[in-house]
Structure formats: C-alpha cells, structure tokens
Amino acid sequence: MRVFLRLHVLDRLAIGLLVTGLVCLASGLLPTGPAGDAMERIAPLLAFLGTVIVLAELTSRAEVFDVVAARVARAGRGSYAALFLLCVAFASVTTIALNLDTTAVLLTPVMLALASRVGIAAVPLAMTTVWLANTASLLLPVSNLTNLLAADRVALSPAGLAARMWAPQLAAVAVTMVCLWSFFWRRGRRGEGAGEPDAPVTGGPGAARREDVREGARDDTRTQGRGRYRTPPVHRPADPVLFRACALACAGFLVAILVADVELWVASAAAAAVAVAAFAVRRRSELRLSLVPWRLLVMVPGMFLVVETVNANGLHELLAAAVGDDGGLAGLLRAAAVGAGLSNVLNNLPVYLAGEAAVPLGNHDQLLALLIGTNVGPVVTPWASLATLLWYERCHAYGVRVPVTRLLGTGAVLAVAAVAASVAALALTG
C-alpha cells in the first residue's frame with residue numbers, strides 16, 4: 001500500500017482503472033466476449049502508442065524539437081504576430097503528425113523554454129500547446145487514438161480520413177487561433193518581460209539547457225516596448241549525428257503513414273527502431289525502460305474494460321437516446337454536443353468508445369461529428385483528455401500556473417465555437 005501511495009496520481013489512476021476492469025471481468029459484470037473483442041481491437045493501438053512515444057522521446061533527446069523551436073523564434077524576426085502564427089503551425093503539425101500526447105508531453109517544455117527565450121509569460125505558449133493538442137487532432141489516424149477507432153469503423157485509410165476531415169480541421173484550428181489571440185496573445189495579455197517560469201527549467205526530454213533559458217530571459221525592454229521580442233541565438237544540437245538520425249526517422253514515419261500502405265504500428269515501430277539503434281551507438285545510457293509509456297499502456301486497456309462494463313449494463317441505451325439517429329445537420333450537432341459535453345465530465349476516450357456503439361452503423365457523418373466532439377471539445381476541464389492531464393502535469397512540474405477559472409471559462413468558449421464550426425464544415429463538405 002505504501003508503494004502504491006508513493007506513485008504519481010496518474011499512475012494510481014491507471015492501475016486503478018485496470019484493476020477495476022479486471023474485477024468487473026472476474027465478477028461477471030463484463031462478459032468475456034465483449035472483453036476479448038475490446039482487447040483484440042486495441043492491440044494494434046497499444047503497439048502504435050508504445051512505439052510512437054519512444055520515437056518522440058528519443059527525437060526530443062536528440063534535440064530535434066529544440067532546434068525547431070529556436071528556429072521558430074528566429075523566424076518570427078521579433079514580431080509577436082509572426083511568432084504566434086509559427087507557434088500555432090508548430091503545435092498543429094506536431095499534433096497532426098505525431099499525436100496529441102506527444103504534443104502534450106514533449107512540446108510543452110519546449111514551448112515553456114521558448115517563452116523564456118523571447119521574454120513573455122509562459123501561459124500563452126502553454127495554452128497554445130494544450131488547446132492545439134486537442135483541436136488539431138482531427139486530420140490523420142495517427143493524430144489521436146479516437147481517430148484510429150473511427151477510421152476503422154468507417155473503413156477510411158489515412159488519406160481517406162484526411163480527405164474527409166480537412167475542412168473540419170481547418171475550422172477547428174482557425175477558431176482556436178482566434179481564441180488564443182483574444183484571450184492570451186494580444187498586447188496586455190501575453191505579459192512581456194515575464195522572464196522565467198516560477199520553477200527553473202532543467203534538463204530532460206524536450207527541455208532547453210538552463211543556460212539557454214537564462215540567456216533568453218535577458219530581454220531587450222526597449223524592443224518589447226514596441227511590441228517586439230528579442231531574437232534568441234541559434235540552437236546547435238550536442239550530437240549532430242543523433243539529431244540527423246532521429247529527424248530522418250520522424251520524416252520516414254510520416255512518409256510511411258501518408259504514402260505507403262502499411263499499418264500505423266508497423267511504421268512507428270520501424271521509425272522507433274531507427275532512433276533506438278542510433279542511440280545504442282551514440283548514447284547507450286539514454287536507453288532505459290522508463291522510455292516505454294507504461295502508464296498509458298496500463299491506462300488504455302483499463303479504460304476499455306471499464307467502458308465495456310458500463311456499456312453492458314445500460315449506458316448504451318442512454319447514449320443511443322441522447323445521440324439519436326438523425327444524419328442531418330441537427331443530428332451531427334447533437335452527436336458532437338453529446339461527445340464534447342460528456343468528455344469534459346468524464347474523459348474523451350471512454351466517451352468516444354461508448355458513443356461509437358450508440359451511433360447507427362450507416363451514419364458515417366454522425367460518427368465523424370461525434371469524433372469532432374470528443375477531439376475538439378475536451379478543452380474545458382483538466383481531466384477531459386489524457387493529453388490535457390499530461391500537459392497539466394508538465395506545467396505543474398515547471399512551475400507554470402494557469403488559473404482554473406480562466407482555464408474553464410476560456411475553454412468553454414473555445415469548445416462551443418470550435419465544435420460548432422467544425423461540424424458545420426463537415427456538413428458543408430459532405
């Protein structure tokens with residue numbers, strides 16, 4: 001018991017979910033048939049999740065993200081408007097290409113270090129990361145676990161899903177940009193000259209070196225007075241060979257999932273193997289079991305088992321009544337609203353799983369609307385998505401505090417506006 005209590009709260013949550021699911025299975029509350037089907041369905045998802053996180057961790061340790069972040073800051077040429085657009089693009093591409101959990105875990109410390117480099121408060125960059133980790137996760141199956149499930153249900157390839165979701169994705173990102181600028185980035189909101197976050201930035205995956213942060217914190221107050229920031233120096237990776245190897249591994253992964261006809265977990269496993277091989281040759285001490293995302297690999301099966309148990313005991317009927325069977329615009333908005341609302345009360349992954357079973361088989365657009373609700377909508381509460389939980393943990397570790405009332409209020413505005421705009425785009429392009 002003492003060992004359990006010493007674990008991180010998210011570790012305890014993951015173990016608790018798995019134990020609860022196993023107890024439900026052993027007690028008969030969960031029939032063995034649905035449990036076996038669920039485990040068979042998520043096996044490729046777990047393989048993908050485990051390997052893509054290892055790839056992202058090693059890519060971060062090779063300083064690929066740090067180099068890109070420094071280049072983003074320099075590309076802005078001292079203009080906050082340009083920096084805003086570049087950060088939005090950086091977070092969106094990372095989410096779309098590597099998945100939202102990668103953005104939450106690895107891009108968050110890079111963005112916090114970037115805030116110190118350019119001399120503004122950390123909150124605008126932190127909110128850019130977490131909001132786009134959710135709202136930019138519609139385009140590809142790789143972007144979100146729920147996308148993998150939806151693409152399988154409606155028989156869409158990665159290119160097919162992108163062809164169907166490009167308009168909702170653009171709408172979600174556009175609304176997110178408006179909310180980010182209005183609530184956090186415009187003058188008077190971003191906190192120029194704020195310097196370092198409350199807690200010092202230390203070494204670790206994705207974090208800039210302490211000396212880089214200190215150098216970036218020495219801002220030019222005259223430049224900031226004109227609404228501009230101090231351009232940081234070029235970031236040079238400590239090991240150029242590792243940097244190139246991991247950058248090529250990520251590029252190969254993206255090419256494989258977009259062009260080649262291979263399963264996602266095969267592409268991510270191959271790319272992760274390249275990164276692991278590079279580290280085995282250049283920096284073997286970095287290869288530890290802690291690279292494997294055990295928490296996620298325990299939490300996801302637990303979530304599936306618990307949701308299957310609830311579905312087998314009445315939730316399906318309630319959700320079917322709430323979602324309805326209308327395939328028109330009203331039905332799409334209804335499905336999306338149910339997904340977004342319940343995601344902020346519970347969590348988006350189990351809500352999508354339960355909602356998917358409640359959507360009639362032929363209503364593909366209604367299922368995609370539910371996907372929009374569970375992907376774009378979980379931006380109000382800290383527990384609405386796993387990515388938000390992971391982001392909240394990283395911010396806490398770095399001493400960055402986002403007032404809960406501000407998080408809830410601005411998130412509610414974003415959720416309503418972005419979900420509505422994305423569903424409208426889905427209906428117009430259908």
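At an R0 of 22 angstrom, the distance between the Cβ atoms of residue 288 and residue 15 translates into a FRET efficiency of 0.60. Dipole magnitude for the chain: computed about the Cα centre from +1 point charges on Lys and Arg Cβ and -1 point charges on Asp and Glu Cβ, it is near 1860 debye.
Working out 0.36 nm times the residue gap between residue 155 and residue 85, then minus their Cα-Cα distance, what length gain in nm do you get to one decimal?
21.8 nm
The HN-Hα couplings worked out from phi for the range 238-253 by the Karplus form 6.51 cos²θ - 1.76 cosθ + 1.60 (θ = phi - 60°) are 5, 10, x, 5, 4, 4, 5, 4, 6, 4, 5, 4, 5, 4, x, 4 Hz, whole numbers, x standing for Gly and Pro.
The Rg/Rh ratio of the range 310-419, with both radii computed over alpha carbons and Rh defined as the Kirkwood radius, is 1.04.
Show me the three semi-axes of the equivalent ellipsoid for the range 63-174, from the C-alpha gyration tensor (sqrt of 5 times each eigenvalue), largest first, rounded to whole Å.
Numbers: eigenvalues 158, 35, 24 Å².
That gives 28, 13, 11 Å for the three semi-axes.
Short-range pairs are left out: with C-alpha atoms under 8 Å and at least six residues apart, the relative contact order of the chain is 25 percent. Loop-resident trypsin sites (Lys or Arg not before Pro) (DSSP state other than H, G, I, E or B) in the range 56-165 with no more than 14 further Cβ atoms inside 10 Å of their Cβ: 77. Radius of gyration over Kirkwood radius for the range 233-381, both on Cα atoms: the Rg/Rh ratio is 1.13.
With one equal scatterer per alpha carbon and no solvent term, the Debye-computed log10 I(q)/I(0) for the chain at 0.13 1/Å reads -1.15. The residue list 185, 9, 35 was ranked by how far each Cα lies along the charge dipole of the chain toward its positive end, using unit charges on Cβ atoms, and 185 comes out on top. Taking amide H atoms as placed 1.01 Å from N in the peptide plane, the amide H of residue 399 lies under 5 Å from those of 199, each 5 or more residues away in sequence or on another chain.
Helix-only mean residue ellipticity at 222 nm, the chain, DSSP H runs n ≥ 4 weighted -39,500 (n - 2.57), per residue, nearest 500. What is it? If you can, show how the numbers build up before the last one.
Working: 20 runs with 296 residues, N = 430.
That calculation yields -22500 deg cm²/dmol at 222 nm.
Values quoted throughout were computed directly from the atomic coordinates according to the rules given, and no laboratory measurement underlies them. Small disclaimer: the values here were computed from a predicted structure and weren't measured. For neighbour counting, all protein chains shown are included, and Cβ atoms are generated from backbone atoms with ideal geometry for every residue, glycine included.
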